[in-house]
Each structure stands twice: as structure tokens, then as C-alpha cells.
1. Treating only the Cβ of Lys, Arg, Asp and Glu as charged (+1, +1, -1, -1), what charge dipole size does segment 69-141 show about its Cα centre? Round to the nearest 20 debye.
2. So, how do all the Cα-to-Cα distances of segment 1-54 break down into 5 Å bins, in percent, from 0 on up?
3. Ignoring ligands, DNA and RNA, please state the percent of accessible area on segment 25-120 from carbon and sulfur, probe 1.4 Å.
4. Which value, in nm² and rounded to one decimal, describes the direction-averaged projected area of the C-alpha convex hull of segment 23-126?
5. Measure nothing fancy, just the Cα-based angle from helix 144-158's long axis to the longest principal axis of the chain, in degrees from 0 to 90, nearest 10.
6. With both bridge residues required to lie in the chain, what share of the DSSP beta bridges run antiparallel, to the nearest 5%?
7. What residues from segment 42-78 fall in the zone where the backbone N is under 18 Å from a label point 7 Å along the Cα-to-C-beta line of residue 85?
8. With Rg and the Kirkwood Rh both taken from Cα atoms, where does Rg over Rh land for segment 121-174?
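The values are calculated or read from the model by the stated rules, or taken from the named source; none is laboratory data. The structure displayed is predicted, hence computed values, not measured ones. Glycine also receives a Cβ, built like all others from the backbone with ideal geometry; neighbour counts cover every protein chain displayed. The accessibility values were calculated without ligands, DNA or RNA, using every heavy atom of the protein model including side chains. Shrake-Rupley method; radii C 1.70, N 1.55, O 1.52, S 1.80 Å.
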Amino acid sequence: MTNVIVAFATEEQCARCASALEAGGIPVAWRCTSFGGVRRAFDLYDEGVLVCACRLPDGTADDLAWDLGERAIVVAVGKAAQLEMCEHPQLFRLRIPCSRGELASAVSMLLQLQRMRQPHRSEEEKRAIAAAKALLMDKFAMTEPEAHHYLQKSAMDRGLKLPEMAAKILASNA
């Protein structure tokens, strides 16, 4: 499942955006009010769609797009002048004022794009990943997101695909 993360300078702005998205049937996984909060959210969720203000107290939407890279589709929400300052080539821009429906529609489209970018795994690969996560959760008292993150990081560090890393973990604990 693709996660939606909302980041604005104030909790009130986050709540308004999250409310608009949830009214459009899009659940919001995380709300934050800083660049650091966004990084923590992506450490937890690994990938997703970020809907954020052009400027946060400790960084910009541009900075976030560069920092998150392929892990996120970033939607900068702001006035025309603010959006013109966003230079990242893959950053999506949504001019305000916009309706709740326009916001939900744009994010829905980007969620579909994010899902299309995700790898399609066979049932066997999915079972191996689930078994490896279950093993990690049992052996090291990890939560499911922690086990998933560990698998992804281990695979990335070793230059392996996620199913390959899961198979290695299962084989080493057989």
C-alpha cells in the first residue's frame, strides 16, 4: 500500500489538508510540520506520496524532493510565486486556492502512479518476504514496519532485490 504523508508548517494546516484528502477517500498515514518529521516518516514507511507546503520551517519542498529521491512523489502546494521557486524536475505543483476535490483528485492520480512504479512480485516472492519479516519479528522483537525496513535496508546495502534478501535470511535461519 502506498502511504500518504502530509507536511505543512502548522498542525492546523496539516489537519485541513488531511481532512480534505480523507474526505476524498484517501487515508493519511502521517502528518508532520518539519523537514525532519518528513524524513522520520519516510524512515518508517520507506515510500509514498508527500503532500507538502512549498516551505517548511527547516527546509523546502525542493529540498525534500531531492532528499527523498525515488522513494517519494512530492506534491508542493502553494501560491504561484512560491511554486515558481520549486526547481526539482519531478516535483508536482498544485496551486492554491484549490478545492478539496481537486486536491484529492491530484493525490489519487499520483497514488496510482506510485503503485505503477512499485515492483510486481510473484506469490512465492511475497510469501518469502512475509516469512522473513515474521522471522525477524519473532527473533528480534521487531514490529512489522521495523522488519520491513530492516529487509529493505539489508537488501539495498548488499545490492540485492528484496525477495533475494528474504530468501537469504530464511536460508540462514533454517
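1. Details: 12 positive and 8 negative charges, 30 e Å.
Using Cβ point charges on Lys, Arg, Asp and Glu, segment 69-141 gives about 140 debye.
2. Distribution as computed: 5, 24, 33, 24, 13, 1 percent.
3. Working: 2840 of 5200 Å².
The nonpolar share, carbon plus sulfur, comes to 55 percent.
4. Projected over every direction and averaged, the Cα hull of segment 23-126 covers 7.2 nm².
5. With both axes taken from Cα atoms, the answer is about 80 degrees.
6. In the chain, approximately 10 percent of DSSP beta bridges are antiparallel ones.
7. Answer for segment 42-78: 52-67, 75-78.
8. Working: Rg = 10.0 Å, Rh = 10.8 Å.
Value, to two decimals: 0.93.
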